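Novice: Before I ask anything, let me first share the structure, which is written out below as structure tokens.
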Amino acid sequence: MSVVASASPSLALVKYWGKEPGGVNVPSTTSIAIGLDTLRTTTRLSFSSAKADSVSIGGVPQPVKPFAPLLDHFREISARKQAVAVESENSFPTAAGIASSSSGFAALVMGLDALFETRLSRSDLSAIARTGSGSAARAVYGGFTQWRAGATRATELLPASHWPELRVVVAVVSEGAKGTSSREGMNHTRDTSPLYSRWVELAPEIASRAEEAVRARALEALGRAMRESYLLMFSTMFSARPPVFYWRPESVALIRLAEELRTSGVPVWETMDAGPQVKLLTVSEHVDRVVAGVQSELPGLRVLTSEIGGEPSVRADG
Ligand code: PMV
């Protein structure tokens with residue numbers, strides 16, 4: 001028996017950056033995110049006659065260790081004890097700061113639930129996915145999600161239909177995998193940045209403003225909260241000892257482009273994650289203008305455009 005599960009990356013509008021000491025990916029800051037509908041991770045899972053589990057991403061065999069606790073968990077809570085073969089594909093660059101770990105672990109956990117026939121609630125799947133990668137706690141839902149500071153699971157805030165015009169333009173500055181994982185970056189900034197505790201103090205107010213703006217579909221207010229969130233998050237990285245740099249010159253060029261577009265009346269607000277890519281939030285009527293702006297600023301750059309959505313799906317496959 002095989003199953004195919006698919007999930008979309010969870011893009012944080014305001015960020016989870018920092019873990020509670022002692023917990024497994026329990027966030028110190030509340031995040032609010034959207035599912036990027038057009039980008040997908042598709043994962044096929046089957047019971048294997050081999051002794052050991054196997055995992056591949058894009059056809060490339062991976063070390064099983066990061067996935068083993070999740071596979072073991074499902075063997076523990078079900079009657080099936082066999083090894084599992086996992087083959088995963090991303091429709092977008094892997095481990096480059098487009099949250100492939102969020103969609104990857106969400107698809108894995110949803111697929112394991114179907115394969116092992118454990119029929120867990122979405123909320124329980126969120127808690128389990130979190131242990132693989134924090135942001136995966138949000139990616140088991142589509143639409144707008146919230147993951148509160150201190151919580152072991154994320155919740156659905158609003159369905160994607162709440163704000164159908166919202167769009168994200170992802171400017172792929174680098175296709176390669178990043179040098180520092182978000183896990184390493186987070187722990188290192190928490191342990192060494194003198195600004196880290198201030199970020200954690202300021203984050204709740206930014207998150208409540210972002211939540212209000214999402215509820216009111218107020219792009220400008222949301223954009224301002226988004227900008228404060230990612231710039232404070234990066235301030236903790238820049239001030240870490242030694243500093244963590246994910247930005248490239250092209251990232252800065254795109255941040256400036258967003259500013260110029262806003263000055264010329266185009267509502268577009270940027271955010272970044274643990275990688276050099278720049279994600280530009282706008283509404284449908286301005287997407288073409290934003291894409292044209294990116295292409296004229298940085299000709300040849302890969303640009304992905306997405307609606308909000310990303311409801312995961314699971315189907316049996318023979
Ligand atoms: O859970 P991780 O390891 O994918 O870390 C996510 C960190 C950020 O993307 C920077 C922020 C976020 O909330 O997604």
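Novice: What are the residue pairs meeting all of these: first residue in region 252-277, first residue farther than 29 Å from ALA177 by Cβ, second residue open to solvent by less than 40 Å² (accessible area, probe 1.4 Å) and part of a strand (DSSP E or B), Cβ atoms under 7 Å, and 6 or more apart or on different chains?
Specialist: PRO267/THR282; PRO267/VAL283
Novice: Looking at ASP288, ASP317 in this structure, which one is open to solvent by 10 Å² or more (accessible area, probe 1.4 Å) and either under 19 Å from ARG167 (Cβ atoms) or in contact with a Phe, Trp or Tyr (Cβ under 7 Å, 6 or more places away or on another chain) (or both)?
Specialist: Being open to solvent by 10 Å² or more (accessible area, probe 1.4 Å) and either under 19 Å from ARG167 (Cβ atoms) or in contact with a Phe, Trp or Tyr (Cβ under 7 Å, 6 or more places away or on another chain) (or both) holds for just one of ASP288, ASP317, which is ASP288.
Novice: Looking at region 217-269, which of its residues are more than 26 Å from ARG289 (Cβ to Cβ) and out of contact with any Pro (no Cβ under 7 Å at 6 or more places or on another chain)? Give the steps one after another, and end with the answer.
Specialist: Of all residues in region 217-269, those more than 26 Å from ARG289 (Cβ to Cβ) come to 232-246.
Once the filter is applied, which keeps residues that are more than 26 Å from ARG289 (Cβ to Cβ) and out of contact with any Pro (no Cβ under 7 Å at 6 or more places or on another chain), region 217-269 yields LEU232, MET233, PHE234, SER235, THR236, PHE238, ALA240, ARG241, PRO242, PRO243, VAL244, PHE245.
Novice: Is one or more of the residues making up region 132-152 among the aromatic types (Phe, Trp, Tyr), within 13 Å of the ligand (Cβ to nearest atom) and assigned to a helix (DSSP H, G or I)? Quick ask: steps written out before the conclusion?
Specialist: First, the residues of region 132-152 that are among the aromatic types (Phe, Trp, Tyr): 141, 144, 147.
Filter once more, keeping what is within 13 Å of the ligand (Cβ to nearest atom): 147.
Those left that are additionally assigned to a helix (DSSP H, G or I): none.
No, that holds for no residue.
Novice: In region 179-208, how many residues are part of a helix (DSSP H, G or I), within 15 Å of the ligand (Cβ to nearest atom) and not basic (Lys, Arg)?
Specialist: Residues meeting the conditions: 14.
Novice: Return the total of residues in region 1-25 being crowded, with 18+ Cβ neighbours inside 10 Å and either away from the ligand (no atom under 12 Å from the Cβ) or in a loop (DSSP other than H, G, I, E, B) (or both).
Specialist: Residues meeting the conditions: 12.
Novice: Being surrounded by fewer than 20 Cβ atoms within 10 Å (Cβ to Cβ) and over 23 Å from ARG248 (Cα atoms) narrows it down to one of SER208, SER174, SER181, so name that one.
Specialist: Checking each option against the conditions leaves just SER208.
Novice: Something else: Of everything in region 28-57, what is open to solvent by 50 Å² or more (accessible area, probe 1.4 Å) and either outside any loop (DSSP other than H, G, I, E, B) or without any contact (Cβ under 8 Å) to a residue 40 or more places away in the chain (or both)? Give them in sequence order.
Specialist: Once the filter is applied, which keeps residues that are open to solvent by 50 Å² or more (accessible area, probe 1.4 Å) and either outside any loop (DSSP other than H, G, I, E, B) or without any contact (Cβ under 8 Å) to a residue 40 or more places away in the chain (or both), region 28-57 yields THR42, ARG44, SER49, ALA50, LYS51, ALA52, SER54.
Novice: Condition (residue is out of contact with any His (no Cβ under 9 Å at 6 or more places or on another chain), part of a strand (DSSP E or B) and open to solvent by 30 Å² or more (accessible area, probe 1.4 Å)) applied to region 248-271: is it met by at least one residue?
Specialist: no
Novice: While we're here: Out of curiosity, is SER284 away from the ligand (no atom under 15 Å from the Cβ) and hydroxyl-bearing (Ser, Thr, Tyr)?
Specialist: yes
Novice: Any residue in region 103-123 that is in contact with an Asp or Glu (Cβ under 7 Å, 6 or more places away or on another chain), closer than 30 Å to PRO204 by Cα, at pLDDT 95 or above and open to solvent by less than 20 Å² (accessible area, probe 1.4 Å)?
Specialist: No, region 103-123 contains no residue that is in contact with an Asp or Glu (Cβ under 7 Å, 6 or more places away or on another chain), closer than 30 Å to PRO204 by Cα, at pLDDT 95 or above and open to solvent by less than 20 Å² (accessible area, probe 1.4 Å).
Novice: When ILE77 is evaluated against the numbered criteria (1) within 16 Å of the ligand (Cβ to nearest atom); (2) open to solvent by 20 Å² or more (accessible area, probe 1.4 Å), which criterion, by number, is the only one it fails?
Specialist: Looking at each condition in turn, ILE77 falls short on (1).
Novice: Something else now. If I go through region 80-98 residue by residue, how many of them are more than 21 Å from the chain's Cα centre (by Cα) and surrounded by fewer than 19 Cβ atoms within 10 Å (Cβ to Cβ)?
Specialist: Residues that pass the stated criteria total 5.
Novice: Of all the residues that make up region 207-263, how many are over 26 Å from VAL287 (Cα atoms) and of a type in the set (S, T, N, Q)?
Specialist: Number of matching residues: 4.
Novice: Which pairs have Cβ atoms under 7 Å, sit 6 or more apart or on different chains, and link a residue in region 8-23 that is under 16 Å from LEU157 (Cα atoms) to one that is within 13 Å of the ligand (Cβ to nearest atom) and of a type in the set (Lys, Arg)?
Specialist: Short answer, once both residue conditions are applied: SER10/ARG138; LEU11/LYS279.
The values are calculated or read from the model by the stated rules, or taken from the named source; none is laboratory data. Treat the numbers as computed from the prediction; the structure is a model and nothing was measured. All Cβ positions, even for glycine, are placed from backbone atoms using ideal geometry, and neighbour counts span all protein chains on display. Heads up: the accessible areas ignore ligands, DNA and RNA and are worked out on the full protein's heavy atoms, side chains in. Shrake-Rupley method; radii C 1.70, N 1.55, O 1.52, S 1.80 Å.
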